[in-house]
Every structure is written in C-alpha cells, then in structure tokens.
C-alpha cells in the first residue's frame, strides 16, 4: 500500500504530496538502511524557515520496512524524540525523494529544491557551532563541557545514564544517584536531602553561579526537585546555555516548552517546581 | 510469556517497572484487539520532564514486541494507533497501583482524571 511523500516548501499554498509505489517504498527503505551515521541534531527545516524545509515521509499502511513517519532535510533523517537521528552528508535520500516528485511539483520549485540539495549537509562541527536562537549567558567556567549530545544519545549509553550522570559529565552506566558512591544517598525527595547527598559526592553549593571558575575548578550545575517524587539536574555548557538529560531519554538543550535554557531557575521544568540551588561539580567528583 | 511495563516518568530515579499478571495480559490483549483498525498519523511528543507514557515489552504471540502508550496513541513498530478515550493508558495507570509509590499513583490518578 502507498507511502505518501510531502515536500515541505510552501507557506501559503498546500505542500505538494505524491505517492510512492511499493517498489519505490522498498527502494527508499534500502537507502535508509544504508545510512549509518548517528546524529542528535535536528534539521533546521523543523524551525519553519521559508523555502525548502525537507520531505516528510508517511507510510499509510503497515510497512515492514519503513519507520512510521520521518522528516528528511539537510541530510538529517529525523526519526522523532525517541531515537537518535541519522545523517547522510551526501544527501542522497533527499535527492532520491526529489527524483520521485516529477509531475507532482512545479519545475521552478524543483529547481529551487535541487539547488538546495546540491549543498553538502552541514558538518557536525558546523551544526554544533550554529548560534542558538537566544542569547546565552556568559559561561564563567573554564571546564564547562561542550554540548555534545551524540556522546550520550546512543543505545549503549542513553538508557543507563541519567540527569546526574549528564550534569557531572560522567558516564557510569549505573543511573547514578546522589550520595550513593559515598554511602549517603538521599532519603527524601526534597531539596535539602538531595543537596546534602550531592555534597557527599563532592559537589559544592554555589548560589552565585556567575563567579568565574578557573581551569581545574569545575563547572556549574543546578538541582531542582519534583517534591516527593523525583529530582533533576541541569548543567551549564561552554556556550553558556544549559542542557540536561531527563532520565533515560535523550540529552537535549531545550526545556519543556522546547525553548533554549538560559537559566534553569526560570525555564519550563514541568512538575519539577522547586528550584534548589546552583552547585559546582568537577572532574574529581565521584558518582555511582 | 510476559509483558513488562515501564512507567516513563522520572529523571533522577529509576522508572518503575513491573510485569502484568496473566489475567491482565489477557485483558490487555482484548483491549488491543479493539484498536488495530484505527491508525493515526498523530504521534504526540512527550515532554522532557514529567509523565512520558508507558513502554511495554511483550513476549506474547499476537502482540507487538514493543509498544509505547502516551496521550491516546499506541505506538508500535508497524504504525501508530488511536487509543480512544485513552482507555488503554488509563487502564495501565490503574494497574500501576502496588507497583509505584503512593505519591506517584496519586499523580497518575490526577492525570487520568484531568484528561
């Protein structure tokens, strides 16, 4: 049964759509299977720029071969929140999808898309270097980690490391708990308890998080609590904005409103309503 | 033959997980049989923090190996299906009693009542 392809390109007019034959759907599946490089970057087309923003592929019937629905743009195959994305620097998936559009898309629009696809996909370094859409605060910590979710959002790491691992930039594969490494795990899910447990691991309270930290003196993290239920940690990255890893889900640099995090004290934290404190962690902190 | 349920809700703590009892597996199977004809393109995005749904892993025949149930949609490897009135999701919330702490169960009940 058919697979629908939508070319996301127009603003006022409905986007062009067409149907892939079973053979073409199989061919697409094989092309997708050949793309092996993981990325956690999103294509810029999801932000809704004007002009070519990629293809959306929607299988309409049970398919043994295709992911339920995905978006392809800038070489990035966006598989949704639960999976790391794939990237193909040659953009061959987009080129091939465009080749199936003949007759369904105006020639001028085809030319516009062709010209865009001929550009190479942005390199990982370029994607990381893209300026955020808000002004990040100054990062005063020399040791602050670089935002690199690819290190965390892979099957061997993502499910086994939580927000505490991420904030401390330390993969233990133990779903680390504050205080556990030192026999002083928290006994209640409240700010003072989790704070004390983290201090047992070597973190230090620092309500004034803008104080400069020289090399070797760590970086800033922040503790918040969902009273009686859970705790959560953020970290300030080199770029100045903050990022986090909610439990076993993917690391990210946006809050519950999908906005960049300039300050965990004011961002959308869902039910984690209690902001506890900023703290400093270092490479010498031991967690388990 | 088993169905493991993970409640995806926490960040720092481990998510609660448990196995359905045989009568519950039968009940789930019957509920699933009622949704397979109602496919949907809608796939809700869970929030980063807070309740993110249930992940089910099954070794049962006639049941998908992996399912995610969230905001009225059952996501499987072969597509997404409507869960009318969030029936399966609310049923899983009820069945979490005894497998999650009281505060979490009360929170799930409040979610079920709110939506």
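All of the numbers you see were taken from the coordinates with simple rules; none came from a lab. Bear in mind that the values here come from a model prediction, so they are computed numbers and not experimental data. Cβ atoms come from the backbone with ideal geometry, glycine included; neighbour counts cover every protein chain shown.
Result for chain A in a Gaussian network model with C-alpha springs under 10 Å: among A:24, A:106, A:169, the largest mean-square fluctuation is at A:106. Annotation: the residues A:74, B:14, sorted from fewest to most other C-beta atoms within 10 Å of their own C-beta, follow the order B:14, A:74.
Using R0 = 56 Å, the C-beta based FRET efficiency linking residue A:111 and residue B:59 works out to 0.60. Each Cα pair under 8 Å and six or more residues apart adds its separation to the average, and for region B:1-63 the resulting relative contact order is 54 percent. Entry note, chain A: relative contact order of 16 percent, from Cα contacts under 8 Å with a spacing of 6+ residues.
Spin-label model, residue A:185 to residue A:257: label points 7 Å out along the Cα-to-beta-carbon direction sit 3.6 nm apart.
Here each label is just a point 7 Å from Cα along the line to Cβ, and for residue B:106 and residue A:27 those points are 6.1 nm apart. Between residue B:45 and residue A:138, the FRET efficiency from the beta-carbon distance, with R0 = 35 Å, is close to 0.65.
Which of rounded, prolate or oblate describes region A:146-288 when judged by the alpha-carbon gyration tensor and an a/c cut-off of 1.5? It comes out rounded by the Cα gyration axes. Label point 7 Å out from residue B:1 along Cα-to-Cβ: which residues of region B:66-81 have amide N under 20 Å? Backbone N within reach: B:66-67. For chain A, the longest principal axis of the alpha carbon atoms and the long axis of helix A:22-33 meet at an angle near 40°.
Using alpha carbons only, how many degrees (0 to 90, rounded to 10) separate the axis of helix A:191-201 from the longest principal axis of chain A? Its long axis makes an angle of about 80 degrees.
Its residues counted as N, the protein assembly as shown yields a C-alpha radius of gyration over 2.2 N^0.38 Å of 1.06.
In chain A, the longest principal axis of the Cα atoms and the axis of helix A:107-117 are about 40 degrees apart. Just to be sure I understand: with springs between alpha-carbon atoms less than 10 Å apart, which residue in A:273, A:261, A:154 has the highest mean-square fluctuation in the Gaussian network model of chain A? Ranking A:273, A:261, A:154 by mean-square fluctuation puts A:273 first. For the residues A:168, A:268, A:208, a GNM of chain A with alpha-carbon springs under 10 Å puts the largest fluctuation on A:208.
Per-residue extension of 0.36 nm, minus the Cα-Cα distance of residue B:77 and residue B:38, leaves a gain of 12.5 nm for this segment. Among A:35, A:221, the order by Cβ neighbours within 10 angstrom, fewest to most, reads A:35, A:221. Ordering A:71, B:66 by the number of other Cβ atoms within 10 Å of each residue's own Cβ, fewest first, gives B:66, A:71. Calculated mean residue ellipticity, 222 nm, chain A: -5000 deg cm²/dmol, from DSSP H runs (n ≥ 4) at -39500 (n - 2.57) each, averaged per residue and rounded to 500.
For the pair residue B:21 and residue B:99, label points projected 7 Å from Cα toward Cβ lie 1.2 nm apart.
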